[in-house]
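Enquirer: I am attaching a structure below and will ask some questions about it afterwards.
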Amino acid sequence: MSVAKKCHELLSLENKVAVISGGASGIGLGTAKRLTELGAKVVVLDINDENGEKAVAEIIEAGGEAIYVRCDVTKKEDCKNAADKAMEAFGKINVLFNNAGVAVRKNAVDLEPEEWDLALNVSLKGQYLLSKFVIPYMKKNGGGSIINTGSGWSFRGGENAVAYCAMKGGTLNMTRAMCIDHGKENIRVNTVCPGDIDTPMLQSECEQLGGTYDEKYKEECSSRPIARLGTVEDVANVVAFLASDMSTWISGANIIVDGGGIA
């Protein structure tokens, strides 16, 4: 076997099934498309039915295989249903990308308890709930890869982002704990930590802080060693690596994807 063919096989996601939360837009959608391009079958989870169905239609039109399942990741029943539907459709789950999240840009005084609950429930509780129901299926299949979405703010604080920093810091240590608990089942658990990525979420953060999401704002976000705003593909490529057999001894790791922003 040639070296090129061996590397292709290691990176290939043929015969793998990936479940992606927040898969109808932004990083989730970009990752769903990248994984199907590499051969995976994808289960897109979201609460936006219109965008979810549109995402699946785009993937199928491009030659990929995908289904959409409505899933509010804060609800136990929805997460169980999502795992069950994935199994019904494809017979196994190899990859879970816990990507759903919200960003509420407020400090501790201005933040309402309901906003705190929403932020932590979607990102942190949602990652736990989907993992709870996907892991038993991964065990039956002999293992798998779970990738949790963290942030550069998993490592340091940020202005007017108390709930966001709390949940992303929590994701980092939850990943480590899950890595320890489930390594014996050949389940790898890692965190991908994006910087500023050109997505609807970044636009929402900008507008919450009273800004305008224009070229000037994007240029300000590009102040880093690799001087540009990140793309969803930048993150999707790392998720694809962690989903592949190229990373079979990587677990409990945190991969920062931010152009050197927190270096």
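The values are calculated or read from the model by the stated rules, or taken from the named source; none is laboratory data. Treat the numbers as computed from the prediction; the structure is a model and nothing was measured. Here Cβ is always computed from backbone atoms with ideal geometry, including for glycine, and neighbour counts include all displayed protein chains.
Enquirer: Mind counting the residues in region 48-107 that are touching a strand residue (DSSP E or B) at 6+ places or on another chain (Cβ under 8 Å), of a type outside the set (Ser, Thr, Tyr) and either surrounded by fewer than 18 Cβ atoms within 10 Å (Cβ to Cβ) or modelled with pLDDT of 95 or more (or both)?
Expert: Total meeting the criteria: 33.
Enquirer: Can you find, within region 144-182, the residue that is nearest to residue 248 (Cα to Cα) among those that are small (Gly, Ala, Ser) and without any contact (Cβ under 8 Å) to a residue 40 or more places away in the chain?
Expert: Among those residues, the one meeting the criterion is 177.
Enquirer: Give the number of residues within region 153-173 that are touching a strand residue (DSSP E or B) at 6+ places or on another chain (Cβ under 7 Å) and either of a type in the set (D, E, K, R) or surrounded by fewer than 20 Cβ atoms within 10 Å (Cβ to Cβ) (or both).
Expert: 1
Enquirer: Also: Just one of (1) in a helix (DSSP H, G or I); (2) at pLDDT 95 or above trips up residue 219, so point out which.
Expert: (2)
Enquirer: Same structure again: Suppose we filter region 108-137 for residues that are surrounded by 22 or more Cβ atoms within 10 Å (Cβ to Cβ) and under 16 Å from residue 160 (Cα atoms); how many remain?
Expert: The number of residues fulfilling the criteria is 1.
Enquirer: Follow-up. May I ask you to verify whether residue 177 is part of a helix (DSSP H, G or I) and buried (at least 18 other Cβ atoms within 10 Å of the Cβ)?
Expert: Taking the combined requirement at face value, the residue does not satisfy it.
Enquirer: If you don't mind, there's one more thing I want to ask. Among residues belonging to region 211-263 that are free of Cβ contacts under 8 Å to residues at least 40 places away in the same chain and in contact with a Lys or Arg (Cβ under 7 Å, 6 or more places away or on another chain), point out the one that is farthest from residue 10 (Cα to Cα).
Expert: Checking each candidate, the answer is 222.
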